[in-house]
Amino acid sequence: MKLILHVGAGKTGSTAIQDFLRDNAAKLRSAGVLVPDMELGLDGRVVGAQIAFFNTLAKGPDSGRVVSDSLRSLRAYMKQHGLQTLVISAENLMYASVAPSVWSVALDLFDVQVVAYVRRQDDFILSSWHQWGLKAHESFDRYLAECVGRYGDWFRYLAPWEEAVGRERIFVRRFQKSALVDGDVVADFLSVTGLQIHGLQPRRSLANQSVDEHLGAMAHRARDLFPSPHNPGPYNDIEFAMGRKPVKAYRGSILLSFEARQSILAAYDESNRLLRERYFPDLPPAEPLFEPLRIEEVVTVTDAERLQCQQDILFRSIVGLSRRVRSLEGRLQRLSRGRKAKPRKRPPFLRGLIARIWGSRR
């Protein structure tokens, strides 16, 4: 039996892969592939991922025993039902939310394949700022000071996995369109894992798109509205008000200059060199590990333009919310008029009872 362990990283298309696994769980199962529920079990809701489970597990002392018991239980179920492949996905595993060493038990139970995606670090840091960082940090500069040289150090993250399961079981892919099969992370994942099964449902939409950076600036000033760094609540509220997802409509970022992004990448030069040597030995010498930074990826806006963009979001939110209120009021008015115009009908059993009573009186 085979275990495919998708360990992330975050902001490298993980949600797209997990949505695909969720949408196709039944078809995958009919082909011998088990996607467990969100608690790494069999009876709960299948979402294509086990992120929250591993977050909770990391806080307890018995992570090794829990993982071992879960894998043994899943393997016994698979054997009983003739299933050959188990797929587990949680991008927090890349950051050792649960120590990779606990997965060594899997080697006694499965043929293990660990799949990881890596991304150019300046892109990763910018994207993670809007996903998590702005909800918990006082400023973008402080976030950079904490992140640069640490977050996105893919070679360091992969070292414990290599020690736990062996280099030959780890497959590292670059999250950039030019390096993905068909330019798509889901197609790439299916190709790398051998899950290219006929009849699977394609993705219906893009997953977890980057939020508009001007909205991000507004959200950062009101970060107390976010219950946790992983909760997108206020973003969902703005989407509800606007009637559309407030996603970034351009490639690149307004937050960093070209020189600042170059400086970030320079902090990872040595790590990326080791990563290339270890996991991409067949890459042609002339081909860089990641696509080079281009000037087009730096979007320049004036303070006045920033303010105009934020005002546009506010105006569209107010108009969208007003339209929803008007629509709701219209439905209530039509419902009220309908109730007044139509006589109340007696239930069938009551009509029958009245008819029998009148018949007996006659």
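The values are calculated or read from the model by the stated rules, or taken from the named source; none is laboratory data. On a predicted model such as this, the values are computed, not experimentally measured, just so you know. Here the Cβ positions follow ideal geometry from the backbone for every residue, glycine too, while neighbour counts run over all protein chains shown.
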Self-check item: Residues within region 38-90 that are in contact with a helix residue (DSSP H, G or I) (Cβ under 8 Å, 6 or more places away or on another chain), assigned to a helix (DSSP H, G or I) and crowded, with 19+ Cβ neighbours inside 10 Å, tallied
Solution: 5
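Check 224, 212, 237 and return the single one that is crowded, with 19+ Cβ neighbours inside 10 Å, modelled with pLDDT of 85 or more and charged (D, E, K, R). So that I can check it myself, show each step before the final result.
Numbers: 224 fails: crowded, with 19+ Cβ neighbours inside 10 Å; 237 fails: crowded, with 19+ Cβ neighbours inside 10 Å.
Among 224, 212, 237, only 212 is crowded, with 19+ Cβ neighbours inside 10 Å, modelled with pLDDT of 85 or more and charged (D, E, K, R).
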Practice problem: Give the residue, chosen from 3, 57, that is aliphatic (A, V, I, L, M) and touching a strand residue (DSSP E or B) at 6+ places or on another chain (Cβ under 9 Å). | Solution: 3
Quiz item: So how many residues does region 10-36 have that are part of a loop (DSSP other than H, G, I, E, B) and either buried (at least 17 other Cβ atoms within 10 Å of the Cβ) or of a type in the set (A, V, I, L, M, F, W, C) (or both)?
Solution: 8
Quiz item: Residues of region 191-201 being over 20 Å from residue 289 (Cβ atoms) and in contact (Cβ under 8 Å) with a residue 12 or more places away in the chain, which ones?
Solution: 193, 195, 197, 199, 200, 201
Quiz item: What are the residues in region 259-288 that are more than 13 Å from residue 123 (Cβ to Cβ) and assigned to a loop (DSSP other than H, G, I, E, B), if any?
Solution: 267, 280, 281, 282, 283, 284, 285, 286, 287, 288
Quiz item: Applying the selection to region 1-16, what residues are among the aliphatic types (A, V, I, L, M) and under 8 Å from the mean Cα position of the chain (by Cα)?
Solution: 16
Exercise. Go through region 74-114 and give me each residue that's at pLDDT below 95, farther than 17 Å from residue 169 by Cα and among the aromatic types (Phe, Trp, Tyr).
Key: 95
Quiz item: Just one of the numbered conditions (1) of a type outside the set (Ser, Thr, Tyr); (2) in contact with a helix residue (DSSP H, G or I) (Cβ under 8 Å, 6 or more places away or on another chain); (3) not in a helix (DSSP H, G or I) is not true of residue 234; which one?
Solution: (3)
Practice problem: Return the residue satisfying two criteria in turn: it lies in region 294-337 and is over 21 Å from residue 246 (Cα atoms) and among the charged types (D, E, K, R), and of such residues it is modelled with the lowest pLDDT. | Solution: 337
Quiz item: Within the bounds of region 259-270, is there any residue that is touching a Cys at 6+ places or on another chain (Cβ under 7 Å), in contact (Cβ under 8 Å) with a residue 60 or more places away in the chain and farther than 26 Å from residue 25 by Cα?
Solution: no
Quiz prompt | Check on residue 217, outside any loop (DSSP other than H, G, I, E, B), at pLDDT 90 or above, hydrophobic (A, V, I, L, M, F, W, C) and over 30 Å from residue 155 (Cα atoms) | solution = yes
